[in-house]
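The structure appears below as C-alpha cells.
Please treat every number below as a calculation from the coordinates, not as lab data. Quantities reported herein were computed from a predicted structural model and do not represent experimental measurements. When we count neighbours, we look across all protein chains shown, and the Cβ atoms used for this are built from the backbone with ideal geometry, even at glycine.
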C-alpha cells in the first residue's frame, strides 16, 4: 500500500470505502517468510486472489538494501483435500504447485513437470505457501541470518527456480499467474510412491469464447485446466465490441421420448450472451455478462447450487420467474398479487413459480438453492437485455 493512504485510512470521510484497503492491510510483515528476522522488509506491489488461492509479488529488502524480487503463493487446500479423500488419503504438511507465468509482452515460462513448486503448511496464514525469489544471495557483503537461511533451498519455503528466475527480474511485468495444485508424490509417513496422483486444477472449470457461430456448440466451451490470477489493473471496453455466443434452448432439455416437455424449448429458441469478464475476475466471481433475449425467446428456469446470480435489466421488458417461497415477500401459491405458474426446471421437472414483470432497472437475485428464469413475451417488439453477475456462494 502506498504509505500516503495510511493517513486517510481511518478518516471518517473514507470509512464507507475502507474495504479497498483490506487486501494490503492483512499482508503486514509478520505473515511473510523472511520476517522471522527483523532485518527484512517486504514491499508487496500487488495481491491477487481467487477462491482459496492468493498470489503476491514484490520486493524483499535486507538491511535496507534490495535483496530479491519475489512471488508468493498461498493455497488453502480444501479442494485438493476432497480429491484425495476419495482415495482414502489425507493432505498433510505439504503439497505441490504447477506454475505458469506470463508477462505483459506475452512471454511465458512454467515450472518443470519433474520439479513442481513445493508448498508448506503455515499456521500464520492458515494455508500452504512458498516464496520464489529471483536470487537467494544476500546483497553486497551481508549474510542471511540463520532463522531465514534455514527456510531457503530447493524445496523449502523460500526457493529459487532457474526456469522462473528470468521472469522475476522484472516482477512488475508479470501479468498472469496460472496455477494447479497436486498432492505429494509419496504417502505421508510410509513413503510409498503414489501412482494415481490427485490434482486441484480448478475443478474442471471452463470459460466461454465465440469460436463458432453455431448455437450451443461445444467449441465455444474452453477448458481452463488451472486457476488464473490476472495482475492487469484495469480494463476499458465496450460491450458491443465483444462477440456474443449464441445458445439454443439455454437451460432447457428435451424429454426422454425425444419430444420437448417444455413448450418453450423449440429449435429456434436462441439467445445471445456477451461474456464481458470471466477469468479476469478475482475473488469468487465467475463471470459478468450481457444477455440478449429476442421477443418470443426464453432462458429456461434452473436452480443454482453453490453459486449466486444477480440479473439487472438494462433494456426492454419481460417476465421473470422466482420459485414460490424463494422470496417470501411475494407470498405463497395462494397469494394473488403475482400469478403462480408451473414451469419446467432444467433437469428437475415441474415446479411452481411466481411470474414477475420486469423492465429496465429491475433486479432478480437468486441465492444458492434458488430457482429462476426469464422470458421476452412474443408480443414485444424490443430485445430484452440484462447483465448478470454470477459468483460462488462461499
TODO: Return the Cα extents of the range 267-323 along principal axes one, two and three, sorted largest first, each rounded to a whole Å.
DONE: 36, 26, 24
Task: Prolate/oblate/rounded label for the range 61-113 (Cα gyration tensor, a/c 1.5) - done: oblate
TODO: Could you tell me which of rounded, prolate or oblate describes the range 325-381, using a ≥ b ≥ c as the square roots of the eigenvalues of the alpha-carbon gyration tensor, with rounded for a/c under 1.5 and, failing that, prolate when a/b is larger than b/c and oblate otherwise?
DONE: rounded
Task: Once the Cα gyration tensor of the range 51-91 is diagonalised, semi-axes √(5λ) in Å - done: 35, 10, 6
- [ ] Determine the shape class of the range 235-392: with a ≥ b ≥ c the square roots of the Cα gyration tensor eigenvalues, call it rounded for a/c under 1.5, and otherwise prolate if a/b is greater than b/c, oblate otherwise.
- [x] rounded
TODO: Evaluate Rg over Rh across the chain, taking Cα atoms for both radii and Kirkwood's formula for Rh.
DONE: 1.05
Open item on the list: For the chain, what does the relative contact order come out to in percent, with C-alpha contacts under 8 Å and a separation of six or more?
Closed with: 12 percent
- [ ] Would you calculate a helix-derived [θ] at 222 nm for the chain, using -39,500 (n - 2.57) for each DSSP H run of n ≥ 4 and dividing by the full residue count, to the nearest 500?
- [x] -1000 deg cm²/dmol
Open item on the list: Test of understanding: ordering 392, 59 by Cβ neighbours within 10 Å, fewest first, what list do you get?
Closed with: 392, 59
Open item on the list: Tell me the relative contact order for the range 249-394 as a rounded percent, counting alpha carbon contacts under 8 Å between residues six or more apart.
Closed with: 35 percent
Open item on the list: Give me the one-decimal Kirkwood hydrodynamic radius in Å for the range 164-273, with the sum taken over alpha-carbon pairs.
Closed with: 18.8 Å
Open item on the list: Quick check: the distance between the Cα centres of the range 163-227 and the range 345-392, to the nearest angstrom?
Closed with: 33 Å
Open item on the list: Please arrange 270, 286 by how many other C-beta atoms lie within 10 Å of their C-beta, fewest to most.
Closed with: 270, 286
Task: Proxy reagent accessibility, fewest Cβ within 10 Å first, across 48, 94 - done: 94, 48
Task: Globularity ratio of the range 32-200, using Cα Rg and 2.2 N^0.38 Å - done: 1.05
